[in-house]
Amino acid sequence: MSVTARKTQAQSVGEAFEAFLNAYKLRSRYNETYLVAYWEKLMGTSIAQRTEKLYINRGVLFLGISSAPLRQELVLAKSRIIALLNKEMGSEIITDVVFI
């Protein structure tokens, strides 16, 4: 079906939004933005308060953490962070974490 083709059946807003994201290949960018916006909910308040920089570029999560002990703890838990975030999104969004 082409991107401009209209559906004649009624759709819920959620279904229409999913179709929009898929049709215009915006799914990965939406997921990345979701992770940044919900960082505190996903990782907890104590980590979120010490996060100075947070962005995603080509599947790599870049984190700036203000606390050296917390940064070291997160470095050791890097694979668990990746698994947690990917599980939350339901697909492999994050492939690596870099601490800046």
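The values are calculated or read from the model by the stated rules, or taken from the named source; none is laboratory data. All values derive from a computational prediction rather than experimental measurement. Note that each Cβ is placed from the backbone with ideal geometry, even for glycine, and that neighbours are counted across all protein chains shown.
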Check: Considering 62, 17, which residue is at pLDDT 85 or above, within 12 Å of residue 99 (Cα to Cα) and under 19 Å from the mean Cα position of the chain (by Cα)?
Finding: 62
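Looking at this structure, is residue 74 touching a Phe, Trp or Tyr at 6+ places or on another chain (Cβ under 6 Å) and surrounded by 15 or more Cβ atoms within 10 Å (Cβ to Cβ)?
no
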Check: List the pairs whose first member sits in the stretch 81-92 and is within 14 Å of residue 59 (Cβ to Cβ), whose second member is polar (S, T, N, Q) and assigned to a helix (DSSP H, G or I), and whose Cβ atoms are under 6 Å apart, counting only residues at least 6 apart or on separate chains?
Finding: 89/31; 92/86
Notebook entry, point to check: What's the number of the condition residue 93 fails, among (1) assigned to a helix (DSSP H, G or I); (2) surrounded by 15 or more Cβ atoms within 10 Å (Cβ to Cβ)?
Noted result: (1)
Note to self: Among the residues in the stretch 23-35, are any of a type outside the set (A, V, I, L, M, F, W, C), touching a Phe, Trp or Tyr at 6+ places or on another chain (Cβ under 6 Å) and at negative phi?
What the structure shows: no
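Among the residues of the stretch 77-90, which ones are under 14 Å from residue 47 (Cβ atoms), among the charged types (D, E, K, R) and surrounded by 12 or more Cβ atoms within 10 Å (Cβ to Cβ)? Give the derivation first.
Going through the stretch 77-90, the residues under 14 Å from residue 47 (Cβ atoms) turn out to be 77-78, 80-81, 84-85.
Going one step further and asking which of them are among the charged types (D, E, K, R), we end up with 78, 80.
The one that is under 14 Å from residue 47 (Cβ atoms), among the charged types (D, E, K, R) and surrounded by 12 or more Cβ atoms within 10 Å (Cβ to Cβ): 78.
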Notebook entry, point to check: Which members of the stretch 25-43 meet the condition of being touching a helix residue (DSSP H, G or I) at 6+ places or on another chain (Cβ under 7 Å) and of a type in the set (D, E, K, R)?
Noted result: 27, 40
Item checked: Every pair of residues 6+ apart whose Cβ atoms lie under 7 Å, when the first sits in the stretch 41-58 and is closer than 14 Å to residue 99 by Cβ while the second is of a type in the set (Phe, Trp, Tyr) -> 51/39; 53/62; 54/39; 55/62
